[in-house]
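A quick write-up on the structure given underneath.
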Amino acid sequence: MTRTRHNLLLMLLLSSAIATVLSIQHVKSNIATLGSVDSWPMFRGGLSHTGYSQSTAPNDNTTSWKYQTGYWISSSAAVVGGKVYVGSYDGNVYSFDVLTGGLFWRFKTGAGVTPSPSIFGNNLYIGSSDGFVYSLNASTGGLIWKYKTGDRVDSSPAVAYGNVYIGSADGYLYSLNASTGALVWKYPTGAGIDSSPAIADGKVYVGSYSGFVYCLDALTGAFVWAFQTGASIVVSSPAVANGSVYIGSEDRYVYSLNASTGGMNWRFQTGDMVMSSPAIASNRIYVGSSDHNVYSLNASSGALIWSFQTADMVLESSPAIADDKVYIGSWDSYVYCLNATSGGLVWRFKTGANVVASPSVASGKVFIGSYDHYLYSFGLATPFHDISIISVKPTKTAVGQNYSLAVNVTIENRGSFRESFNVTAYANATSLQTKNVTLESGDQTTISLAWNTTGFSKVNYFIRANATRVSGETFTVDNTLQNGVVEITIPGDVNGDLVVDIADASLIGVNWQRTVPPAPSNADINGDGIIDVSDAAIIGINWQKQV
Ligand SMILES: [Ca+2]
Ligand SMILES: [Ca+2]
Ligand SMILES: [Ca+2]
């Protein structure tokens, strides 16, 4: 008995020591991903949800690019390593090139995606209305794991201590192993969780449809405290700074709570529900309200510093603070930029529908989606290098062995600089011809790459063209394009049915003496541009031959 107790005590001591070491290691690695001017790795910009970036940020409403998804965007973008990630209610998670807005990949979940992705290392984590939490390879969009919760997931994940923290409409806050998706613990709040958990000092903070704000131990899920707001719903996500937790509630109040005890420091009454999540910078908090206003409050006292009135509700859209400016969206369809000190309007931009997503700031740009289906990148376009293959068209679909055809390739210089590069056409894996191309910024050209089919066997070939990556080019998925299949057959088999017969002869007949184009190029068997007696002769020589 004594021995068992002794062993149990030893085990507890050891596991707590291991947990402490793990916790310290993970805290260190988390810090590396926060506060960088060129990244906004998760909802509210970091684990403590301050919504603050040290990046410069746009002073006017110039858009450097926009991308149209298939439906509403309420998801807020994550930006890491020159890539922008966002979800859409069309069910997809998208990855874009930060400079060009070019699409790297998209991943289809089983239903609309309302919450925001979180990037940790090379993994992306996100929830979907299909009830799953997904882990994807951030480079490729490939599925790593998925975990089924009991209801839709509108909560955005926080990744810390090797775990993914995320809420579900099934009422649980989940801690999942970030590598495997295995359940570490789950905590029942008794009502749905749309709020997104914040992490600070080993604690996880989250709001719930129960009307409570919860503080749990991040490693064990043990209850630390809960605070009851005056409403039945807390959708707002907590922000944690200077030992305080800031959060809004449907009871119209913005709260400051003691992060250690859950005791109330102060509360500030707005005119309607507060579903927006507070941002914190320079001892001020910034938050929107359904009463149409954006508020700036003294973080210590809750005293009003300024308010700015938009033309409609500020729902879940939550401010981002950077460069002494506040960015936020409103149901009135505008994205606003306000002076953080005075609350004066710096600029606004009208999107095509309501804005409930929250802005993300990185690399001097602001990224935000709208119910008009677009993701916008605000800020002057940074000059970039980008070559794109627009089309690949072989001149024939069937060609006699040993005869020639061409592969026409259209290339566009979508970048900001004059570029010189090589373009190569391929039949399956075999390179056919390479040409050097020089293009001014914005220009397009079509080149013809020759294919002499001598030595190629009589099968089908997939045709592809590739432009070499130019120096500084970040978006390279469009440097390769595969299009079209060419069949190599017996000379004279114009229609490609593997026999030379009357069907082929009649194709020569109906196009007699016509030039290519507009006559079909397959009928110009010898490729001299005219359909005449020399083509008819090839049919004669190979009459009734079969492959
Ligand atoms: Ca490219
Ligand atoms: Ca034929
Ligand atoms: Ca001919």
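Tell me the residue from Ala182, Ala158 that is more than 18 Å from Tyr94 (Cβ to Cβ), surrounded by fewer than 24 Cβ atoms within 10 Å (Cβ to Cβ), over 14 Å from the mean Cα position of the chain (by Cα) and in the same structural domain as Leu103 (by TED's automatic domain parsing), please.
Ala182
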Is there a residue being outside any strand (DSSP E or B), of a type in the set (Lys, Arg), assigned by TED's automatic domain parsing to the domain that holds Thr438 and within 16 Å of ligand 2 (Cβ to nearest atom) anywhere in the range 457-466?
yes
Of the conditions (1) more than 16 Å from ligand 2 (Cβ to nearest atom); (2) surrounded by 12 or more Cβ atoms within 10 Å (Cβ to Cβ); (3) assigned to a loop (DSSP other than H, G, I, E, B), Pro491 satisfies every one except a single condition; which number is it?
(1)
When the range 326-373 is examined, which residues are found to be touching a Leu at 6+ places or on another chain (Cβ under 7 Å), in a strand (DSSP E or B) and among the small types (Gly, Ala, Ser)?
Gly369
Those residues that are out of contact with any Phe, Trp or Tyr (no Cβ under 8 Å at 6 or more places or on another chain), in contact (Cβ under 8 Å) with a residue 24 or more places away in the chain and not aromatic (Phe, Trp, Tyr), I need them from the range 306-331; list them, please.
Glu316, Ser317, Ser318, Asp323, Lys325
Please tell me if Val224 is surrounded by 21 or more Cβ atoms within 10 Å (Cβ to Cβ) and assigned by TED's automatic domain parsing to the domain that holds Arg267.
no
Those residues of the range 230-253 which are surrounded by fewer than 24 Cβ atoms within 10 Å (Cβ to Cβ) and more than 15 Å from Ala200 (Cα to Cα), in sequence order:
Gly230, Ala231, Ser232, Ile233, Glu250, Asp251, Arg252, Tyr253
Unique residue being at negative phi and in contact with a helix residue (DSSP H, G or I) (Cβ under 6 Å, 6 or more places away or on another chain) when the list is Ser210, Ser179, Ser168, Ser196:
Ser196
Determine if the range 416-433 includes at least one residue that is in contact with a Ser or Thr (Cβ under 6 Å, 6 or more places away or on another chain) and more than 16 Å from ligand 1 (Cβ to nearest atom).
yes
Condition (residue is within 16 Å of ligand 1 (Cβ to nearest atom) and either in contact with an Asp or Glu (Cβ under 7 Å, 6 or more places away or on another chain) or closer than 30 Å to Gly101 by Cα (or both)) applied to the range 495-509: is it met by at least one residue?
no
Just to be sure before I move on: is Asn466 touching a residue at least 24 places away in the same chain (Cβ under 8 Å), of a type outside the set (Ser, Thr, Tyr) and in contact with a helix residue (DSSP H, G or I) (Cβ under 7 Å, 6 or more places away or on another chain) in the structure I sent?
yes
Any idea which residue in the range 499-523 is nearest to Tyr403 (Cα to Cα), counting only those that are part of a helix (DSSP H, G or I), within 12 Å of ligand 3 (Cβ to nearest atom) and free of Cβ contacts under 8 Å to residues at least 40 places away in the same chain?
Ala523
When residues of the range 517-530 are filtered for being farther than 21 Å from Ala427 by Cβ and either surrounded by fewer than 17 Cβ atoms within 10 Å (Cβ to Cβ) or touching a strand residue (DSSP E or B) at 6+ places or on another chain (Cβ under 8 Å) (or both), how many remain?
5
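Kindly indicate whether Asn479 is under 17 Å from Gly400 (Cα atoms) and either modelled with pLDDT of 95 or more or buried (at least 16 other Cβ atoms within 10 Å of the Cβ) (or both).
no
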Of Thr453, Thr438, Thr434, the only residue that is within 16 Å of ligand 3 (Cβ to nearest atom), modelled with pLDDT of 95 or more and among the hydroxyl-bearing types (Ser, Thr, Tyr) is Thr453
Go through the range 324-338 and give me each residue that's hydrophobic (A, V, I, L, M, F, W, C) and closer than 10 Å to Pro359 by Cα.
Val326, Ile328, Val335
Out of the residues in the range 437-452 that are of a type in the set (A, V, I, L, M, F, W, C) and farther than 13 Å from Glu419 by Cβ, state the one that is surrounded by the fewest Cβ atoms within 10 Å (Cβ to Cβ).
Ala450
Please count how many residues of the range 145-173 are touching a strand residue (DSSP E or B) at 6+ places or on another chain (Cβ under 6 Å) and within 18 Å of Val113 (Cα to Cα).
12
Would you mind finding the one in Gly415, Gly472, Gly455 that is under 20 Å from Pro383 (Cβ atoms) and surrounded by fewer than 18 Cβ atoms within 10 Å (Cβ to Cβ)?
Gly472
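In contact with a helix residue (DSSP H, G or I) (Cβ under 8 Å, 6 or more places away or on another chain) and either in the same structural domain as Gly472 (by TED's automatic domain parsing) or among the charged types (D, E, K, R) (or both): does that describe Val407? Steps first, answer last, please.
Details: in contact with a helix residue (DSSP H, G or I) (Cβ under 8 Å, 6 or more places away or on another chain): no; either in the same structural domain as Gly472 (by TED's automatic domain parsing) or among the charged types (D, E, K, R) (or both): yes.
Considered against the rule, which asks whether it is in contact with a helix residue (DSSP H, G or I) (Cβ under 8 Å, 6 or more places away or on another chain) and either in the same structural domain as Gly472 (by TED's automatic domain parsing) or among the charged types (D, E, K, R) (or both), Val407 comes out as no.
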Output the residue which, of all residues in the range 467-487 that are within 25 Å of the chain's Cα centre (by Cα) and of a type in the set (Asp, Glu), is nearest to ligand 2 (Cβ to nearest atom).
Asp478
Only residues that are within 11 Å of ligand 2 (Cβ to nearest atom), within 20 Å of Val485 (Cβ to Cβ) and at pLDDT below 95: list them for the range 504-547, please.
Val547
Out of the residues in the range 374-411 meeting the condition of being in contact with an Asp or Glu (Cβ under 8 Å, 6 or more places away or on another chain) and in a strand (DSSP E or B), tell me which one is surrounded by the most Cβ atoms within 10 Å (Cβ to Cβ).
Val399
Strands (runs of 3 or more DSSP E) wholly inside the range 86-159 that include at least 3 residues being more than 16 Å from ligand 3 (Cβ to nearest atom), in contact with a helix residue (DSSP H, G or I) (Cβ under 9 Å, 6 or more places away or on another chain) and among the hydrophobic types (A, V, I, L, M, F, W, C)
103-108
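The values are calculated or read from the model by the stated rules, or taken from the named source; none is laboratory data. Nothing here was measured: the structure is a model prediction, and the numbers come from that model. Here Cβ is always computed from backbone atoms with ideal geometry, including for glycine, and neighbour counts include all displayed protein chains.
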